[in-house]
Amino acid sequence: MKKVGFITSPLSSGHAVRGVGFYTSRLLQALKTQCSKFNIQLVEINNLLDIGHWTLDIIHYPYFDPFSPTLPIVKKTKTIVTVHDVIPLEFPDHYPPGIRGWVNLQLQKLSLINTDRIITDSFYSLKKINKYLGVPPHKLRLVYLAADPIFKKIPHPVNKYNLPKKFALYVGDVNYNKNIPLLVQACRKLNLPLVIVGKQAQEIEKLNLSHPELSHLRDIDWSGITHLGFVDDLVDIYNLASVYCQPSLSEGFGLPVLEAQACGTPVACSRAGSLPEIASDTAVYFDPYNIDDMAQAITTAMKRKRIIVNNFSWKKTAEQTLQVYQELL
């Protein structure tokens, strides 16, 4: 039986409650149920210093940061890395790496040269990885993500936070590419309450808004906007929402779109990045730079009948990931 080392460090870092942590956790669970069919034993490795304690056939790093040394240059084992997106490289003015980050970027690019396979979440990201990191197409593999099975339509969602009867919902970080200022303006134009869920949103007063990555938030009037932190009842909130809106200027995948649709929540989203690829014809689209277009899409989506959409599964994600493993065994 072949041994694959799966790096679990994102589960014990600040990424645990963000998209990278979700991906690592759900993929790991799904791989465990499928790996025996592929004659593969999964070895969970949290501390990178422990890699040398194992005789491994493959190591899979489920996270890549272009500005940090997340992938070693010297590799003694066949290596796979998941690169979710290269958004910081798409918007360099808003994600300045600094001198250390720039040096790390050169080293990370070098590290990718002798990485055997690079998995990514969308065809959009695949093209951007090729463009900005110089990864040749023959090393790139597309594996879509999925919403967790807990996301579903429920008959009697609990309104624990006393949320309005009608509201637009956004789930995620508030970084530049998320386009939060225009979402706020569009909801104000509609006189529609906005609820934002995410760790960053809750701590907005504590964030350094002078940083280029967050400076776009400085002029937002947060009055009347409900911003919650990490919550354990997100399923209820999706079910309570009148519409889910993903206003991103770029997105590597857009997992909350799938979560909302699995709960039967109508979706309005930007036609930028991977979002049209993921939501196909199930969402109402808008130009993320046009407030009127965004407001109209939100209004149109709210009029739609609530239909559960769930075209992706973690079982399929795991199977396709294991197929990538098999290519190297």
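Each row is one residue, and each column tells you yes or no for (1) in contact with a helix residue (DSSP H, G or I) (Cβ under 7 Å, 6 or more places away or on another chain); (2) exposed (fewer than 12 other Cβ atoms within 10 Å of the Cβ).
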position: VAL43; (1), (2): no, no
position: GLY52; (1), (2): no, yes
position: THR55; (1), (2): no, yes
position: ILE58; (1), (2): yes, no
position: ASP65; (1), (2): no, no
position: THR70; (1), (2): no, no
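Looking only at residues in the range 44-77 that are part of a loop (DSSP other than H, G, I, E, B) and hydrophobic (A, V, I, L, M, F, W, C), the one that is nearest to LEU89 (Cα to Cα) is PHE67. Taking the criterion of being over 17 Å from the mean Cα position of the chain (by Cα) and surrounded by fewer than 24 Cβ atoms within 10 Å (Cβ to Cβ), the only residue of the range 244-265 that qualifies is GLY264. Applying a threshold of 6 Å to beta carbon distances and a minimum spacing of six or more residues, or different chains, the list of pairs starting in the range 226-251 at a residue that is assigned by TED's automatic domain parsing to the domain that holds VAL284 and free of Cβ contacts under 8 Å to residues at least 60 places away in the same chain and ending at one that is in a helix (DSSP H, G or I) and of a type in the set (D, E, K, R) reads GLY229/LYS199.
Scanning the range 290-312 for residues that are modelled with pLDDT of 95 or more and within 21 Å of PHE253 (Cβ to Cβ) yields MET294, ALA297, ALA301. Scanning for something within 19 Å of PRO88 (Cα to Cα), hydroxyl-bearing (Ser, Thr, Tyr) and crowded, with 16+ Cβ neighbours inside 10 Å, does the range 210-225 turn up at least one residue? No. Within the range 239-286, if we keep just the residues that are among the hydroxyl-bearing types (Ser, Thr, Tyr), in contact with a strand residue (DSSP E or B) (Cβ under 9 Å, 6 or more places away or on another chain) and part of a loop (DSSP other than H, G, I, E, B), the residue that is farthest from ARG306 (Cα to Cα) turns out to be SER250.
For the range 282-290, state whether one or more residues are touching a Phe, Trp or Tyr at 6+ places or on another chain (Cβ under 6 Å) and crowded, with 19+ Cβ neighbours inside 10 Å. Scanning the range 282-290 turns up no residue that is touching a Phe, Trp or Tyr at 6+ places or on another chain (Cβ under 6 Å) and crowded, with 19+ Cβ neighbours inside 10 Å.
Against the list (1) buried (at least 17 other Cβ atoms within 10 Å of the Cβ); (2) on the phi > 0 side of the Ramachandran plot; (3) in the same structural domain as LEU28 (by TED's automatic domain parsing), the condition GLY172 fails is (3).
Set side by side, the residues ALA318, ALA279, ALA295 differ, and just one is surrounded by 15 or more Cβ atoms within 10 Å (Cβ to Cβ) and free of Cβ contacts under 8 Å to residues at least 40 places away in the same chain, which is ALA279.
Whether a residue is among the hydroxyl-bearing types (Ser, Thr, Tyr) and closer than 30 Å to ASN191 by Cβ was assessed, and TYR161 passes this test.
Yes/no matrix, rows are residues, columns are (1) closer than 23 Å to TYR124 by Cβ; (2) charged (D, E, K, R); (3) under 16 Å from the mean Cα position of the chain (by Cα); (4) not in a loop (DSSP other than H, G, I, E, B):
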| residue | (1), (2), (3), (4) |
| --- | --- |
| SER25 | no, no, yes, yes |
| GLN29 | no, no, no, yes |
| LYS37 | no, yes, no, yes |
| LEU42 | no, no, no, yes |
| ILE80 | yes, no, no, yes |
| ASP85 | yes, yes, yes, no |
| ASP93 | yes, yes, no, no |
| LEU107 | no, no, no, yes |
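With the structure loaded, tell me whether VAL231 is under 17 Å from TYR161 (Cα atoms), of a type in the set (Val, Ile, Thr), in a loop (DSSP other than H, G, I, E, B) and more than 14 Å from the chain's Cα centre (by Cα) or whether it fails that test. Yes: the conditions hold for VAL231.
The values are calculated or read from the model by the stated rules, or taken from the named source; none is laboratory data. Keep in mind it's a predicted model, so treat the numbers as computed, not measured. Cβ sites come from the backbone with ideal geometry, for glycine too, and all protein chains shown count toward neighbours.
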